[in-house]
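Q: What follows is a single structure, and I will ask about it in a moment.
The values are calculated or read from the model by the stated rules, or taken from the named source; none is laboratory data. Note that this is a predicted model, so its numbers are computed, not measured. Note that each Cβ is placed from the backbone with ideal geometry, even for glycine, and that neighbours are counted across all protein chains shown.
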Amino acid sequence: MNKILYGGDYNPEQWPKETWKEDMRLFGMASVDTLTINVFSWAALQPSENEYNFSVLDEIIETVSAADMKICLATATATHPAWMARKYPEVLRVNTDGSKRKFGDRQNSCPNSPVYRKYSAQLAQKLAERYGKLDNLIAWHVSNEFGGFCYCETCEKAFRKWLAQKYKTIESLNEAWNAHFWGHTYYDWNEIVIPSHLGGEWAHNRTSCQIQSIDYRRFNSDSVLDCYLAEAKVLKEITPDIPVTTNLMGTFWDLDYQKWGKNMDFIAWDNYPSPGTPYTRTAMNHALMRGCGDGKPFFLLEQTPSVTNWQPYNSLKRPGVMRLWSYQALAHGSDTVMFFQMRRSRGCCEKFHGAVIDHCGHENTRVFRETAELGAELKKLGDSFAGSRLAGDAAVLYDWDNWWAASLSAGPTVNMNYPEEVFRFYDALAKQNISVDVIGMNTPLDTYKILCAPILYMVKPGVADKLKEFVSKGGILVTTYFSGMVNEYDLVTIDGYPGELRSLCGLWVEETDALPADQFNRLVCSEGKLAGTWKADLLCDIIHTEGAEVIARYADDFYAGTPALCRNSYGKGQVWYLGSRPEAPFLDRFTALICDECGITPVFPPQEGIEAARRIKGESEFVFVLNHNQSVTEVTIPFACRDLLTDKAFAPNERYSLPVAGVLILMKA
C-alpha cells in the first residue's frame, strides 16, 4: 500500500444510476480511494436457482474503476435470496424455542445447511471467475458480520458428528460431561440434542450441563467458520494472490475470533462504540482484533461518520470526534479508515444511519466536510506508518472459552461480566499510556514483562506450564478470583482452588463469597505504594497462603483479617493474586507499581484523557497522541520529534496545547 486506505461500504444498487456519477465526484472531493461493494446483492445476482445476472454489478465496477477506486469485493452471501427460502425451507434457522424462522433477515441461513453451503460457494466461484483479474481488486470480503445460532435438526446432526470427532467414544463424552449428574448418561450419539430452551437451557446463560452448552458454542463457532472457509477456499483457488477476509465485531459473544483469525489473511472489523464508551474500551477492542491477527495491521472496515441507528439514543458524533476515533484506530494498528455507509439509504432500518453523503445528496454538510478534511490528511501522510506494528510491553489475556464457561457457570454471581473484568486491567494500564496487547492463550509470551489474566476460570491443557515458564523467567503474572477452577471440560480441578495454578500462586482458596451489587468489602494494605483502605466487591476469596506474601487483608465480615491480595515469588518472577475486585483507583496504583518494578515506561507521559500509542516501522517510531478531553489540554512532549500532520518540529520537553479532539502523530527524531 502507498497510503492508508480510505472509503467504505457503497451500495449504488439502492440508487438510480444517474446518481452514481455524482457519487464519484463527491468521493473524489473527499479523497476516497477504496470502496466495499456487493455486500447484500445475492438476490440481484441470482434471481432464481439456475439464473445469474451480473449486469448491474458489471456497471458498478466499471463506474468505480473509471473513478480510479480500489475495490474490496464482497461475496454477497450474508442474505440468501427469497426463492431459496421458499424452495428449500431447511435453509432457514431455527430459534432456541424450536420455532422456525421465516425469510426477512440477514444472517438467517443455517450454517450447516448443504443448500446454503452449495450456493454460497458457487456464487463466490462465479464472482472470482468474473472479477478476479481486476487490477483494482485489493481484497475479497466474505459475507458480512457472521454470527447467530441455529437449533435445527441439521445442526443437531452436525453437532453429534462434531462431538464424535472430538470425544471418539460415547463413554469419553459421558465422562467429560459428568453425565451421571441428573441422569444425563448417553448410550448412543443420536440421543444427544443441542442444548436449547426445549431442553438443557432454561434462561439467559442458565444451563443444566455447562460443558454441553460450551461445546455447542464451540461447535457453532466452528460451523460458521466452515461457511467462511468454504467460500475462501474457492476464492483462493481462483485468485491466490488476492487476500480474503470478513468483518469481525470486537468482543462478540457468538464466535471465537482467535480461532477465526488463524484462517483469515488479515483481520477486518467494525467499530461502533456508544457515545459514552470509555476511549480505553474502544482501544481494547482494537488491541483484541489486532491480537486475533497475531499482531499484524488490521483493517477498520466499518465505522459511522456520524450517527448510528440502532443504539437506544443515537447521538451525533460531535465535531472532530470522527477524526479522533479514526486516528485512534490507526494508532492501534489499522491500515485503513473505512465507513458504513458512503451514501445514506432511503428506506428500511439503516435509513437514519450516518453516511459520507447524506440524504441531501451534496457536499455542503458538516459530516462531508469532516470526511473530506480527513481524506486530505491521509493523502498527505502517505505510507509513512502503513504496515507498521505495535510492540506491547504488557499483555492482557482474553479467551472465548473462558468467557463462555464463566458466563454459563451456575454461580457464583450473575454480575460476572468477563469482557468488563478483562477491561478493568486493560484500562488501568492504558490510562498510563503503557503499550498493551490483548492476546490469546496460544500467543507466545517471550516479549512481555507483565501478563494480566483475570477470571482465568478454565485452564486448558498446557496453559499452567506456559504460565509457570513465563514467571520463572522473570515475568509478572496477575490473576484473580474465579481462576484455576476447571479444566477444558468445565470439570472442577479437585485438588484445591486455584487448581493447576495453586503452586504458582502459592496459596489455596477455601471458599468464595459473592457480594450483591450494592455491597462491598474493604482491602487494607499498610505498606508501600498500595497503603490505604480500598473498596472491593463482586467476589471475595477466603485464602490460605502456601508461601505467598500477604499484601492486603479483608477489613469486614467473618473473614476480616484474612489475606485478600497476595504476592508469590516463583523462579525469577512473581505472581500477584487478587482475591476480590478492587476499585479502579487501587488498580491504577497497583498497575503503576508493577510496571515500575519491571521497568516498563509509558509511551508518553500519562495525563487524564490523553491517549498515546506507538507504532514501529523499521527504525522509525511513531507516537500518536490523542486528546479525549472536552477542553484544550496542555501536554509536554518529552522527545525531539516532528508532527506528521502539521510538519511542526518539537524540542524535548516542549509544551503544546492540544485542541479538543486534537491529534498529534509524532515521528521521533
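Q: Are any of the residues in the range 318-329 surrounded by 22 or more Cβ atoms within 10 Å (Cβ to Cβ), in a loop (DSSP other than H, G, I, E, B), under 25 Å from the mean Cα position of the chain (by Cα) and not acidic (Asp, Glu)?
A: No.
Q: Tally the residues that are without any contact (Cβ under 8 Å) to a residue 24 or more places away in the chain, part of a loop (DSSP other than H, G, I, E, B) and not charged (D, E, K, R), restricting the search to the range 71-112.
A: Residues that pass the stated criteria total 3.
Q: Every residue in the range 180-197 that is surrounded by 14 or more Cβ atoms within 10 Å (Cβ to Cβ), over 23 Å from Asn417 (Cβ atoms) and either at pLDDT below 95 or within 34 Å of the chain's Cα centre (by Cα) (or both), please.
A: His184, Ile192, Val193, Ile194, Ser196
Q: Of all residues in the range 249-275 being of a type in the set (D, E, K, R) and not in a loop (DSSP other than H, G, I, E, B), which is nearest to Phe219 (Cα to Cα)?
A: Selected residue: Lys259.
Q: Would you be able to tell me the number of residues in the range 402-434 that are of a type outside the set (Gly, Ala, Ser), in a loop (DSSP other than H, G, I, E, B) and over 16 Å from His286 (Cβ atoms)?
A: Count: 7.
One line per residue, one yes/no per condition, for (1) buried (at least 21 other Cβ atoms within 10 Å of the Cβ); (2) closer than 21 Å to Gly547 by Cα; (3) modelled with pLDDT under 95:
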site: Arg567; (1), (2), (3): no, yes, no
site: Trp576; (1), (2), (3): yes, yes, no
site: Ala592; (1), (2), (3): no, no, no
site: Asp596; (1), (2), (3): no, no, no
site: Ile600; (1), (2), (3): yes, no, no
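Q: For the range 81-105, which residues satisfy the criterion of being closer than 20 Å to Ser41 by Cβ, loosely packed, with under 12 Cβ neighbours inside 10 Å and either modelled with pLDDT of 95 or more or not assigned by TED's automatic domain parsing to the domain that holds Gln122 (or both)?
A: Answer for the range 81-105, where residues must be closer than 20 Å to Ser41 by Cβ, loosely packed, with under 12 Cβ neighbours inside 10 Å and either modelled with pLDDT of 95 or more or not assigned by TED's automatic domain parsing to the domain that holds Gln122 (or both): just Arg86.
Q: Counting just the residues of the range 358-375 that are part of a helix (DSSP H, G or I) and hydrophobic (A, V, I, L, M, F, W, C), which one comes out surrounded by the most Cβ atoms within 10 Å (Cβ to Cβ)?
A: Val367
Every residue, every condition in (1) free of Cβ contacts under 8 Å to residues at least 40 places away in the same chain; (2) surrounded by fewer than 20 Cβ atoms within 10 Å (Cβ to Cβ), yes or no:
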| position | (1), (2) |
| --- | --- |
| Lys262 | yes, yes |
| Tyr272 | yes, yes |
| Thr277 | yes, yes |
| Arg290 | no, no |
| Lys296 | no, yes |
| Leu300 | yes, no |
| Ser315 | no, yes |
| Ala331 | no, no |
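Q: Tell me which residues, restricted to the range 30-57, are among the polar types (S, T, N, Q) and either closer than 30 Å to Ala372 by Cβ or not in a strand (DSSP E or B) (or both).
A: Within the range 30-57, Ser31, Thr34, Thr36, Asn38, Ser41, Gln46, Asn50, Asn53, Ser55 qualify.
Q: Right, something else. Of a type in the set (S, T, N, Q), assigned to a loop (DSSP other than H, G, I, E, B) and more than 19 Å from Val94 (Cα to Cα) - does that describe any residue in the range 153-168?
A: The answer is no; no qualifying residue exists.
Q: Please report, ordered by residue number, the strands (runs of 3 or more DSSP E) entirely within the range 516-584 with at least 2 residues that are out of contact with any His (no Cβ under 7 Å at 6 or more places or on another chain) and farther than 22 Å from Asp465 by Cα.
A: 521-525, 532-545, 549-554, 563-570, 580-582
Q: Would the range 470-480 turn up any residue that is aliphatic (A, V, I, L, M), more than 22 Å from Pro582 (Cβ to Cβ), in a strand (DSSP E or B) and touching a strand residue (DSSP E or B) at 6+ places or on another chain (Cβ under 7 Å)?
A: Looking only at the range 470-480, we keep the residues that are aliphatic (A, V, I, L, M), and these are 471, 476-478.
Pick out the ones that are also more than 22 Å from Pro582 (Cβ to Cβ) and you get none.
Taking every residue of the range 470-480 in turn, none turns out to be aliphatic (A, V, I, L, M), more than 22 Å from Pro582 (Cβ to Cβ), in a strand (DSSP E or B) and touching a strand residue (DSSP E or B) at 6+ places or on another chain (Cβ under 7 Å).
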